[in-house]
Amino acid sequence: MLRKSAAMTALAASLLALSACTATGSDTVAETTPRPPAPPALEPNCGADQLGAYIGQPASDEVIAAITGWRGGKPMRVLRPGQAVTMDFRPDRLNVQVGEDGKIKGFTCT
């Protein structure tokens, strides 16, 4: 009998707690308040699509410095053949891909 009484008391307490979660007239203000916009989607946006003119150019110090200056201090790395790279995802980081011939082959954002 004691077990049944304890279970009923716990059930009553749970129902009482849940009843406090129901909407009342004073909650209508919260329902009409506009919600903030959803955060933007995490899309690669490092400017790789704007650097097509550099493809085929030698990856010289001057060319890399020009790209670095255009980036304005944002993350960038030059990837040469056989070079070890980390696999961490950074959509704002520009990767300059250099081929065996020392020329820029392309750009990616990761």
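Using the Cβ of PRO81 as centre and a radius below 11 Å, the other residues enclosed give a net charge of 0, where K and R count +1 and D and E count -1. Taking 0.36 nm per residue of separation and subtracting the Cα-Cα distance, full extension of the segment from ASP61 to ALA84 would add 6.2 nm. DSSP finds beta bridges in segment 48-109, and of those with both partners inside it, around 60 percent are antiparallel.
Each value in this text was obtained by applying a stated rule to the coordinates, not by laboratory testing. Since this is a predicted model, take the numbers as computed values, not measurements. A quick note on method: Cβ atoms are made from the backbone with ideal geometry, for glycine too, and the neighbour counts reach across all protein chains shown.
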